Amino acid sequence: MEQNKTGKYFKYAIGEIVLVVIGILIALSINNWNEKRRDLNKEQIYLKELRTSLITDSLEIKRILKFNEGKILIVQEFLSIFNSEMNNQQRSNIINKNATGFTLYEMFNPKQTTWNNLLSSESLSIITNKNLRNLLMDYYSFNYNAGVQERIKIINRKVVDENFPEFVTYEYALQRLGFETEFPLMKELKIHLNRVLLSDLYGMTFLINMQNEFLLETSTQIKAVLQLIDKNLN
């Protein structure tokens with residue numbers, strides 16, 4: 001009798017242990033399911049925000065390409081001052097007309113807010129598609145302030161800093177300041193003989209075209225990332 005009771009208690013205890021283990025496993029399974037669901041929802045939120053940022057970047061590239069069209073026209077008009085058939089009054093008119101637009105240049109930089117938030121929260125791993133994750137890393141880790149865009153900035157500032165003071169004449173100062181100066185008369189200017197300026201202007205046109213090529217390549221890169229994002233959005 002005692003042995004039967006002991007056997008029954010033992011079986012009962014084993015049964016309870018099994019039920020507890022099953023309960024723990026179910027709880028863990030539910031917890032893992034909830035975590036995966038939270039990560040999936042989080043991924044969808046980030047993907048939607050990244051998609052919005054990339055579309056904004058794409059529109060910004062189009063704007064800069066349009067700006068560069070106008071900038072090249074300005075540079076080409078500046079190049080016309082080297083025409084020997086022009087007089088200095090005509091050259092001065094071209095410079096004054098385009099001076100403000102010439103000083104401007106554009107550099108593309110992607111919107112990084114969502115990406116930075118993703119990195120700071122150490123949530124990069126929630127992007128489940130490895131190929132998409134790598135494309136995003138390539139896009140956002142690139143140094144957009146170097147290369148051709150840095151050279152655009154340098155040559156633009158060089159031309160403005162070195163040459164614009166030479167464009168100021170006696171007549172220009174009198175008109176703007178209202179008093180006489182000892183600046184050279186307009187007829188005395190030798191702008192059209194400045195070979196360094198001519199070279200820099202050609203170089204600027206070349207660099208703007210290079211930047212356009214870079215921007216078009218970046219636009220293609222954005223399209224590839226957007227296609228993958230769209231495939232991974234529910």
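FYI, it's all coordinate maths here, none of it is from the lab. Computed from a prediction, not measured in an experiment: that's the story for all the values here. Neighbour counts run over all protein chains shown; Cβ positions are idealised from the backbone, glycine included.
With both labels modelled 7 Å from their Cα along Cα-to-Cβ, the Ser219 to Arg157 distance reads 2.8 nm. Compared with the direct C-alpha span, the chain from Gln89 to Glu122 gains 5.6 nm at full extension, assuming 0.36 nm per residue. Its residue count N fixes a reference of 2.2 N^0.38 Å for segment 154-234, and the Cα radius of gyration divided by that reference is 1.94. Taking a point 7 Å out from the Cα of Phe67 in the direction of its Cβ, the residues of segment 137-180 whose backbone N falls within less than 18 Å of it are 144-160. Fully extending the segment from Gln227 to Tyr172, taken as 0.36 nm per residue of separation minus the present Cα-Cα distance, adds 14.3 nm. A Förster radius of 30 Å, combined with the Cβ-Cβ distance separating Thr52 from Phe206, puts the computed FRET efficiency at roughly 0.30.
Note on segment 122-156 and segment 160-234: Cα centroid distance 26 Å, given to the nearest whole angstrom. For segment 43-104, the convex hull spanned by the alpha carbon atoms encloses 69 Å³ per residue.
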